[in-house]
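Novice: Before I ask anything, let me first share the structure, which is written out below as structure tokens.
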Amino acid sequence: MHTLTVPLPGSPPRAYDVILGPGARHTLPERLAALAPGARFLVVADATVAPLHADPLAAALAAAGLAVDVLTFPAGEANKTVTTWAALADAALALGVGRDACVVAVGGGVTGDVAGFLAATLHRGLPLVQVPTTLLAMVDAAIGGKTGVDAAAGKNLIGAFHHPALVVADPEVLATLPDEELRAGLAEAAKHGAIADAAHLRWLAGSSAGIMARDADTLLALIRRSVEIKVSFVAADPGEAGARAALNFGHTIGHALEAASGYSLRHGFAVAMGMVAEAEIGEALGVTAAGEARALAAALGRLGLPTAPPPGTDAEEILRRTRADKKARARAPRYALLARLGRTHGSGGDWTTAVPDEVVRTILLRSLSRAPDDATNT
Ligand SMILES: NC(=O)c1ccc[n+]([C@@H]2O[C@H](COP(=O)([O-])OP(=O)(O)OC[C@H]3O[C@@H](n4cnc5c(N)ncnc54)[C@H](O)[C@@H]3O)[C@@H](O)[C@H]2O)c1
Ligand SMILES: [Zn+2]
């Protein structure tokens, strides 16, 4: 079992642990009892994950003498909404959940974000424990304290910073995860390599077969290094005032593609497409070293990830949607760009770059005019 500690700002200094290892979920009853003695545990899961992983956890908690309720909502990004948040909040209040409750999010990034926002808002803030069940949530979404829901105007536009009190990631639960969801999680792991560790990105690309075969050692090594990178960015900048913006690499275009698809495009796939486009944007601006976009696309291709926007994508719609991005200032979208693979562009207080619409338009039109596989056949 590995423990990584994420420091939080403020005084006295606080921190939370990320526990990672096969079988880690079986330590939850003991850990939760120690974390919040006397609490009522509110386990939140989507309807797919509930019978697989949330109900067994709730049974284990109950067997350990803890008070527990399970709340569910329909699976999928299309349900990461204020409507779902309100329904969960009403259900929790109808159960009589008070300020002594602790929210336990069991699921992928959608569950972590919605349940996290529930914890941030219910009774003005309840403790939160993240139990990620997708690769994407283990390497990324469960750590860092960003919670929230999507709005009609765009992704993640309603939310709050609410740091978890504990994260428990057990790779064994990935046994039930569909292949395409596992693959989608690789996009965020590749992002961590692209922004901070080119060798990790190369290792990932070369380990594709072992990862997809769910080799336990390979998965553990992947998650561990990726979590280390995420933790290093979060620890340096918990409120995303500066350097943490690097974690948004690929996300300005990625979020726009995801929203434009009506959320039928998986977040991880949209991020993979977005990273290649944003590496090309960086090259066009002269801030990213020449050839890096092609190398990144080749690595993502080896992981079976898409590297160009879906055919039929409307470049003007994508441009319009990037203006609603959280990083936009005065409606001018800002991008987290690379200097090269393994290193972000930026310094001091400025880690994002304004990009003229014309540059984005040119890159989008160019990648749309390429055959879908061109970017990876290099
Ligand atoms: N808060 C953050 O810092 C952060 C970071 C990255 C991504 N995100 C968010 O995370 C979301 C994407 O997360 P995701 O890809 O995990 O999506 P998800 O939560 O929708 O999970 C994907 C699918 O897998 C199913 N599933 C989950 N675990 C399973 C398991 N063990 N076995 C079988 N099925 C399982 C779910 O029911 C769902 O259908 C996006 O909304 C994104 O914005 C947040
Ligand atoms: Zn993401």
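Throughout, read-outs are computed from the coordinates displayed, never taken from laboratory work. Treat the numbers as computed from the prediction; the structure is a model and nothing was measured. Positions of Cβ are generated from backbone atoms using ideal geometry, with glycine treated the same way; all protein chains shown enter the neighbour counts.
Novice: Taking amide H atoms as placed 1.01 Å from N in the peptide plane, list the residues 5 or more away in sequence, or in a different chain, whose amide H sits under 5 Å from that of residue 340.
Specialist: For residue 340, the qualifying residues are 289.
Novice: Report ³J(HN,Hα) in whole Hz for each residue of region 18-27, in order, from the Karplus equation J = 6.51 cos²θ - 1.76 cosθ + 1.60 where θ = phi - 60°; Gly and Pro get x.
Specialist: Going residue by residue, I get 10, 9, 10, x, x, x, 4, 4, 6, 8 Hz, with x marking Gly and Pro.
Novice: Hey, another quick one. Using the per-residue mean of other Cβ atoms lying within 10 Å as a proxy for protection, in what order, highest first, do the peptides 317-326, 282-291, 182-191 fall?
Specialist: 182-191, 317-326, 282-291
Novice: Here's something else I'd like to know. Enumerate the calculated ³J(HN,Hα) couplings along region 40-47 in order (Karplus 6.51 cos²θ - 1.76 cosθ + 1.60, θ = phi - 60°), each rounded to whole Hz, writing x wherever the residue is Gly or Pro.
Specialist: 9, 9, 10, 7, 10, 8, 7, 5
Novice: Please compute the alpha carbon radius of gyration of region 324-367, then divide it by the globular-protein estimate 2.2 N^0.38 Å. Two decimals is fine.
Specialist: 1.27
Novice: Which angle between 0 and 90 degrees, to the nearest 10, do you get for helix 292-302 versus the longest principal axis of the chain when only C-alpha atoms count?
Specialist: The helix 292-302 is inclined about 50 degrees to the chain.
Novice: Would you mind checking which residues have amide H under 5 Å from residue 68's amide H? H placed 1.01 Å from N; only 5 or more apart, or other chain.
Specialist: Sorted by chain and number, the residues that satisfy this are 41.
Novice: Can you tell me what share of the DSSP beta bridges in the chain is antiparallel? A percent to the nearest 5 is fine.
Specialist: Counting only bridges with both partners in the chain, antiparallel ones make up about 45 percent.
Novice: What residues qualify as long-range amide H neighbours of residue 328, i.e. H under 5 Å apart, gap of 5 or more or another chain, H built at 1.01 Å from N?
Specialist: Distant-sequence amide H within range of residue 328: 334.
Novice: If you rank 278, 228 by fewest surrounding Cβ atoms within 10 Å, what's the result?
Specialist: Lowest to highest Cβ neighbour count: 228, 278.
Novice: Which of rounded, prolate, oblate describes region 1-125, given a ≥ b ≥ c as roots of the alpha-carbon gyration tensor eigenvalues and a/c under 1.5 marking rounded, otherwise prolate only if a/b is larger than b/c? Provide the component values of the computation, followed by the final result.
Specialist: Working: a/c = 1.34, a/b = 1.21, b/c = 1.10.
Rounded.
Novice: Quick one: P(r) of region 236-378 from all Cα-Cα pairs, 5 Å bins, percents rounded to integers, in order of increasing distance.
Specialist: Reading the bins upward from 0: 2, 11, 21, 25, 22, 13, 5, 1, 0.
Novice: Mind ranking 167-177, 353-363 by how tightly packed they are, going by the mean number of other C-beta atoms within 10 angstrom, highest first?
Specialist: 167-177, 353-363
Novice: Next up: Please say if the chain is rounded, prolate or oblate, where rounded means a/c under 1.5 for a ≥ b ≥ c the square roots of the C-alpha gyration tensor eigenvalues, and otherwise the choice is prolate for a/b larger than b/c and oblate otherwise?
Specialist: prolate
Novice: Related question: Which of the lysines could a cross-linker bridge to residue 191, judged by Cα under 17 Å and excluding same-chain residues fewer than eight apart?
Specialist: Partners found: 230.
Novice: Identify all lysines with a Cα-Cα distance to residue 326 below 18 Å; exclude those on the same chain that are fewer than 8 residues away in sequence.
Specialist: Within reach: 80, 146, 155.
Novice: Can you give the relative contact order of the chain as a percent, counting alpha carbon pairs under 8 Å and 6+ residues apart? Mind showing how you got there, number by number?
Specialist: Working: 749 pairs, mean separation 52.7, N = 378.
Relative contact order comes out at 14 percent.
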